[in-house]
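Accompanying notes for the structure given below.
The values are calculated or read from the model by the stated rules, or taken from the named source; none is laboratory data. This is a predicted model, so every value here is computed, not measured. Cβ placement follows ideal geometry from the backbone for every residue including glycine, while neighbour counts extend to all protein chains displayed. Ligands, DNA and RNA are excluded from the accessible area calculation, which covers all protein heavy atoms including side chains. Shrake-Rupley method; radii C 1.70, N 1.55, O 1.52, S 1.80 Å.
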Amino acid sequence: MSQDIKDKINQLTDELNYHTHIYYQESRSEISDFDFDQKLKELEELEKQNPEYKREDSPTHRVGGTITKNFKTVYHKYPMLSLGNTYSKEDLVEFDKRVEKGLGTTEYEYLCELKFDGVAISLTYENGLLKQAVTRGDGEKGDDVTSNAKTIKTIPLRIDHEVPDIFEVRGEVFMPKTVFQQLNEEREQAGEAQLANPRNTASGTLKMQDSSVVASRKLDCYLYALLGENLKTQTHEESIQQLEKWGFNVSPTYKKCHSIDEVLAYINHWETKRLELPLETDGIVIKVNQNAHQEELGYTAKSPRWAISYKYKAEAAETKLESIVYQVGRTGAITPVAELEPVLLAGTTVKRASLHNANEIERLDIRIGDFVYVEKGGEIIPKITGINLDKRDSELTPTSYITHCPECGSELTRKDGEANHYCPNVNGCPPQLMGRVEHFISRNALDIANLGPKTIETLFKKNLIRGIADLYDLKFDDLNELLVEEEDPATGKIKKRSIKEKSAQNIIDALEASKSIPFENVLFGLGIRYVGRTVAEKLAEHFKNIDGLMNAGQEEIIAVHEIGERIAESVVEFFKNDENRQLVHRLKNAGLKLEAEQMNETTVENLVFKGKTVVVSGVFENFGREEIKKLIKSLGGKVGSSISGNTDLLVAGANMGPAKLEKAQKLGTEIISENDFKSMIGQS
Ligand code: IVH
């Protein structure tokens, strides 16, 4: 019996590893997401019952679940050095001269790579299995983050090739730009502070205690070095090609250069091209290619003499800080914003930059009237990187952070360990009240089109609404001919516009239609702090209805997969408040969906997209694109954003990009037309 279980665990481990491998290395798949998830769950269950048979290369490590309170300190077998760096091309020519002199020949090559902006990591493999993952630390010793690194899908847990008994691979863990943007969008929706940049986020994520949270953060890793005894490679290029063959993720952007002029051409090529890459890069790394040459050139105390990095200059400008304004978000979070004398930077005029929180103001010691440096790197939002102290007027006084809400005058609070100040007047502070209504009607929540922020502001000013529930008491006559103040985008002047009969009716109709929007959207729309779209879906699925959630204790909420203490605490606090309970009561009476749809067996059978990943592209005659996506999701499917080996179906509308179509054809993805889609959903 126990042998049977062990065999089953082995078989599932091998099978799932095979599918992961072809998915990530060859961009194709032979199994649906649904079947993969089922098998993974089966394996997880078997391992839970029989932990002694869980293999080190089990794909369940990818899901996480390990909690590490303190990371073990580990000494590196080979120190992790840093690189000399420069911003000047002249320095590179000097570097080349030193190399030529050091080697006494002109017969050498360089291998150029991009400098990935992430966190360095060292992976040790023994007998083909990933044994240990360690951060750089101080170069001599770092933190053992193995269980977190195992959640990174492109780091192989096992190498299916003939490999040395022991070797190390080094590279950079990073957060792809799209993942970072999505994370910040989710945080914004959940009323959380924005994260500064992908690099810091990757670094913070890799050191999180709960590896299942790390898994959900979708980190990635590029490898760029192979170390060990008796390796058969003679050059750096051979090493990275070896890594590629063994299934490691190597960025395809490297290039062999035969002269410093070729290196400079590589630098020029990537100066702007790098902005199109999926991750942030801040320069390039130039490495002498032959191992024998590297040995000959040797090392200084801190860095190799055979390599150097060239950093791209971020576009920067200097301007005057005119004032600091404090914005109040819908959760009461205060964000200080620098108002700047307008300055041209990377093609756009910059007038404002976020100062994030009080810590940042303190760190910069920024004072009104200061001349500040603003930079625009790979990120879209400009940032203030420093102060020109030479130009500081001695009269300028240090900035003291506000103590009271600029909107309602309440005294601000700040929890221990939190960076943000909050206005506690949740049920009286106007931007919080309005912000919550705006959030409630937004696309991912109740999706009530036609009700813009300006209309909401007017409804507030006229005392027609004070909160979400009042929306459902609005009558046609409240809206018809209502005068809304709006800024003319062309002239910047404030104009009054009256809501016409047709628009008023549209708003009433949209409010009526919102009563059939699913429970998870309503839950998300309530605007509970830390409850973003994904969390709302998980809570709705688990608790089935609002009463279940409202009456749940913290422990019960934490028991839901991927829901942590912070979220649970916030949910419990929200429903403790009488006004919030009253809100739920009124929404229920208005007829909104406050319970999940019950599916009977026949409905489940009829889910035509069950287990399928579908991509929607182009324009459609009878549906909006978002509408098609909603339909797919409601019929059991997942909606993918781009075509990959994992896409089961492409719904192709008119004018879709030829590249997408070509990729789908190449991968053999099933392609259907709008008419096919209509008949699939029974609307032909
Ligand atoms: S090679 C002995 N290659 O830059 C030098 N490093 O300043 C070993 N980095 O700690 C590093 N991209 O985190 C190398 N293509 C690349 C890199 C790279 C980013 C980082 C790495 C290292 C730091 C050195």
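Candidates in the stretch 137-174 are the residues that are open to solvent by 40 Å² or more (accessible area, probe 1.4 Å) and without any contact (Cβ under 8 Å) to a residue 60 or more places away in the chain; of these, the one that is farthest from the ligand (Cβ to nearest atom) is Glu162. For Gly104, the requirement of being within 16 Å of the ligand (Cβ to nearest atom) and surrounded by fewer than 18 Cβ atoms within 10 Å (Cβ to Cβ) is not met. Yes or no: Ser514 open to solvent by less than 10 Å² (accessible area, probe 1.4 Å) and hydroxyl-bearing (Ser, Thr, Tyr)? In short, yes. Taken together, the criteria place Lys255 among residues that are over 29 Å from Leu355 (Cα atoms) and either under 31 Å from the mean Cα position of the chain (by Cα) or not polar (S, T, N, Q) (or both).
Please verify whether Val63 is under 30 Å from the mean Cα position of the chain (by Cα) and open to solvent by less than 50 Å² (accessible area, probe 1.4 Å), treating the condition exactly as stated. Considered against the rule, which asks whether it is under 30 Å from the mean Cα position of the chain (by Cα) and open to solvent by less than 50 Å² (accessible area, probe 1.4 Å), Val63 comes out as yes. Surrounded by 14 or more Cβ atoms within 10 Å (Cβ to Cβ), among the small types (Gly, Ala, Ser) and at pLDDT below 90: does that describe Gly84? No: the conditions fail for Gly84. So which helices (runs of 4 or more DSSP H) are wholly in the stretch 347-465 and hold at least 1 residues that are farther than 30 Å from Leu587 by Cβ and open to solvent by less than 30 Å² (accessible area, probe 1.4 Å)? Hits in the stretch 347-465: 358-364.
Where strands (runs of 3 or more DSSP E) fall wholly inside the stretch 76-173, the ranges with 1 or more residues that are of a type in the set (Val, Ile, Thr) are 119-126, 129-135.
Filtered by the rule that a residue be open to solvent by 30 Å² or more (accessible area, probe 1.4 Å) and of a type in the set (A, V, I, L, M), the stretch 278-306 gives Ala292, Ala301. Taken over the stretch 647-684, the criterion of being open to solvent by 30 Å² or more (accessible area, probe 1.4 Å) and within 26 Å of the chain's Cα centre (by Cα) is satisfied by Asp648, Gly657, Ala659, Lys660, Lys663. Of the residues making up the stretch 113-127, those that are touching a Phe, Trp or Tyr at 6+ places or on another chain (Cβ under 9 Å) and away from the ligand (no atom under 16 Å from the Cβ) are Thr124, Tyr125, Glu126.
Within the stretch 283-334, the residues that satisfy the criterion of being more than 27 Å from the chain's Cα centre (by Cα) and small (Gly, Ala, Ser) are Ala292, Gly298, Ala301, Ser303, Ala307, Ser309, Ala317, Ser323.
Here Tyr110 meets the list (1) within 30 Å of Thr205 (Cβ to Cβ); (2) within 15 Å of the ligand (Cβ to nearest atom); (3) touching a strand residue (DSSP E or B) at 6+ places or on another chain (Cβ under 7 Å) almost entirely, failing just condition (1). Inside the stretch 280-338, residues that are outside any loop (DSSP other than H, G, I, E, B) and either away from the ligand (no atom under 15 Å from the Cβ) or not small (Gly, Ala, Ser) (or both) make up a count of 40. For the stretch 504-593, the helices (runs of 4 or more DSSP H) that sit wholly inside it and include 1 or more residues that are within 18 Å of Glu438 (Cα to Cα) and at pLDDT 95 or above are 519-525, 578-590.
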